[in-house]
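Okay, here's the structure, questions in a sec.
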Amino acid sequence: MTYDVVTLGETMLRFTPPMLRRLEQTLDFELHVGGSESNTSVGLSRLGLKVAWLSRLTDNALGHIIARTITSQGIDTSQLVWTSDDRVGLYFLEEGKAPRSSQVIYDRKESAMSKMQPSDLPVEMFKKDTAKLFHTTGITLAISEGARSTATRAVELAKKADWLVSFDI
């Protein structure tokens, strides 16, 4: 398989109270899937590019919601690393309307992606004609030392394969 772009990063589940309610005003939440690199992957796929997304997910219903959602957008998720030991990262978005601003609470400590290691990368994917561009973000580098090392190694592999590298700070 060849790709235009390969991305690496964490995707989380987002919980949002309906109708501009505050978190403490509701027990009902809308569920969404989102993460910088997977959002970028979706946009590129919708533009007609072939995209693969690399990450590490928890092998449970929550992780499968994420994978299924991203796959449904035409993105290859066949190289995901699955774990039964860790958790899916979550975040809560309290949408605001002037004069109240939106608020976000992240709950991603010890997430599956934060424990990804360079040895989890599909090294065989990083060949000269497999892709044109590798993309990741500063968010991935910031979530843990393991994620930083993994992203750094992926950049090294991409450069060695003569891929372009895109980095969203």
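The values are calculated or read from the model by the stated rules, or taken from the named source; none is laboratory data. Only a predicted model underlies this, so the values are computations on that prediction, with no experimental measurement involved. Note: ideal-geometry Cβ built from the backbone for every residue, glycine included; neighbour counts use all protein chains shown. The protein model used for the area step is the full one, side chains on, heavy atoms only, and it has no ligands, DNA or RNA in it. Shrake-Rupley method; radii C 1.70, N 1.55, O 1.52, S 1.80 Å.
Which residue out of V104, V88, V123, V155 is touching a helix residue (DSSP H, G or I) at 6+ places or on another chain (Cβ under 7 Å), open to solvent by 20 Å² or more (accessible area, probe 1.4 Å) and of a type outside the set (F, W, Y)? So that I can check it myself, show each step before the final result.
Values: V104 fails: touching a helix residue (DSSP H, G or I) at 6+ places or on another chain (Cβ under 7 Å); V88 fails: open to solvent by 20 Å² or more (accessible area, probe 1.4 Å); V155 fails: touching a helix residue (DSSP H, G or I) at 6+ places or on another chain (Cβ under 7 Å).
Answer to the selection: V123.
Sticking with this structure for a sec: Restricting to the range 1-18, give me the number of residues that are over 10 Å from F92 (Cα atoms), part of a loop (DSSP other than H, G, I, E, B) and touching a residue at least 40 places away in the same chain (Cβ under 8 Å).
7
For the range 58-78, give me the residue count where each residue is farther than 24 Å from T130 by Cβ, touching a strand residue (DSSP E or B) at 6+ places or on another chain (Cβ under 8 Å) and either open to solvent by less than 70 Å² (accessible area, probe 1.4 Å) or aliphatic (A, V, I, L, M) (or both).
Adding up the residues that qualify gives 5.
Additional query: I need the full set of residues from the range 19-57 which are touching a strand residue (DSSP E or B) at 6+ places or on another chain (Cβ under 9 Å), more than 21 Å from G146 (Cβ to Cβ) and assigned to a loop (DSSP other than H, G, I, E, B), in order please.
Correct list: L20, R21, R22, F29, L49, K50.
Hey, among T83, T58, T26, T69, which residue is touching a residue at least 40 places away in the same chain (Cβ under 8 Å) and either of a type in the set (V, I, T) or in contact with a Gly (Cβ under 6 Å, 6 or more places away or on another chain) (or both)? Break it down into steps so the answer makes sense when it comes.
Values: T83 fails: touching a residue at least 40 places away in the same chain (Cβ under 8 Å); T26 fails: touching a residue at least 40 places away in the same chain (Cβ under 8 Å); T69 fails: touching a residue at least 40 places away in the same chain (Cβ under 8 Å).
On inspection, the qualifying residue turns out to be T58.
Could you list, in sequence order, the residues of the range 53-70 that are more than 16 Å from S36 (Cβ to Cβ) and among the small types (G, A, S)?
Result: A61, G63, A67.
Of all residues in the range 122-149, how many are of a type outside the set (D, E) and within 19 Å of V51 (Cα to Cα)?
Counting residues in the range 122-149 that are of a type outside the set (D, E) and within 19 Å of V51 (Cα to Cα) gives 15.
In addition: Find all pairs meeting these conditions: Cβ atoms under 6 angstrom apart; at least six residues apart or on different chains; first residue within the range 145-157 and in contact (Cβ under 8 Å) with a residue 40 or more places away in the chain; second residue hydroxyl-bearing (S, T, Y) and open to solvent by less than 90 Å² (accessible area, probe 1.4 Å).
The qualifying pairs are A147/S114; A147/T140; A151/T136; A151/T140.
Sticking with this structure for a sec: With respect to K160, determine if the residue is of a type in the set (K, R) and either modelled with pLDDT under 95 or touching an Asp or Glu at 6+ places or on another chain (Cβ under 7 Å) (or both).
no
I would also like to ask the following. Name every residue in the range 58-69 that is within 17 Å of A147 (Cβ to Cβ) and not in a strand (DSSP E or B), in order of residue number. Don't jump to the end; show me each part of the working.
Of all residues in the range 58-69, those within 17 Å of A147 (Cβ to Cβ) come to 58, 63, 66.
If the condition is that a residue be within 17 Å of A147 (Cβ to Cβ) and not in a strand (DSSP E or B), then G63, I66 are the ones that fit.
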